[in-house]
Amino acid sequence: MTKLIGLSGSLRQASYNAALLRSASGLMPEGADLVVETIRGIPLYDGDVEAAEGIPERVAVLKDAIAAADGLLLVTPEYNNSIPGVFKNAIDWLSRPAADIPRVFGGKPVAVIGASPGGFGTVLSQNAWLPVLRTLGADLWSGGRLMVSRAQSVFNQDGTLADQRIEEQLRTYLQGFVAYADTMRKRSSAP
């Protein structure tokens, strides 16, 4: 069984990216599971807090979940043509202490998708993640791209996908990413 962790970069319950992540969890290929996690409860990064109190419990739990997973799916909004601050803050905490980066992110298959009400999807936000993921030593899957534009017309009021074309694109994207994560898992466990 291939296990992925999925994170939405938005805290809003009714966010398009949270809806896209929930949709992804229901479209996983057979033999794969996507566990929807949250960045809710992660405080603003403060090195003084880290030095005095250590890693917050919510961060420690999420780090362990990512480290144990076969892959990580980041579902990113685009704010001001880049990464949402709250999402980057969560990744910054997840990379602390620096000695833990290889355990959590090193060689971890990571895929990035996103939804936006704008006409360009989340192309700039997804591109902005590239140097961050490279710095963390993650293994960015580049076998596909999914940028949902005009998201207000793609989802129903209850957050379910209304657009069959996007649903099929998401299903295909997930099949490719799961196959990649599964290959990497088998490769790393081979003697």
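The table below lists the values:
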{"read-out": "Estimated vicinal HN-Hα couplings, Hz - the stretch 176-191 in sequence order (Karplus 6.51, -1.76, 1.60; Gly, Pro = x)", "value": "x, 5, 4, 4, 5, 4, 5, 4, 5, 5, 5, 5, 6, 9, 6, x"}
{"read-out": "From phi via Karplus (6.51, -1.76, 1.60), per-residue ³J(HN,Hα) for the stretch 71-83 in Hz, x at Gly/Pro", "value": "x, 10, 10, 9, 10, 10, x, 10, 10, 6, 6, 7, 6"}
{"read-out": "Residue list for the stretch 1-37, given a label point 7 angstrom along the Cα-to-Cβ vector of residue 163 and an amide N cut-off under 20 Å", "value": "8-10, 14-28"}
{"read-out": "Rg followed by Dmax, in Å, when the stretch 97-181 is reduced to its Cα trace", "value": "14.8, 44"}
{"read-out": "Kirkwood Rh, Cα atoms: Rg over Rh of the stretch 70-111", "value": "1.01"}
{"read-out": "For the stretch 34-57 and the stretch 138-164, distance of Cα centres in Å", "value": "27 Å"}
{"read-out": "Per residue Cα convex hull volume in Å³ - calculated over the chain", "value": "111 Å³"}
{"read-out": "Residues of the chain: accessible area per residue with a 1.4 Å probe, Å²", "value": "48 Å²"}
{"read-out": "Carbon/sulfur fraction of accessible area - the chain, other protein chains in place, 1.4 Å, %", "value": "52 percent"}
{"read-out": "Proportion of all alpha-carbon pairs of the stretch 1-92 beyond 16 Å (%)", "value": "58 percent"}
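The values are calculated or read from the model by the stated rules, or taken from the named source; none is laboratory data. Quick caveat, the model's predicted, so the values are computed rather than measured. We place every Cβ from the backbone using ideal geometry, glycine too, and count neighbours over all the protein chains shown. Note: accessible area is taken over every heavy atom of the protein model, side chains too, but ligands, DNA and RNA are not part of it. Shrake-Rupley method; radii C 1.70, N 1.55, O 1.52, S 1.80 Å.
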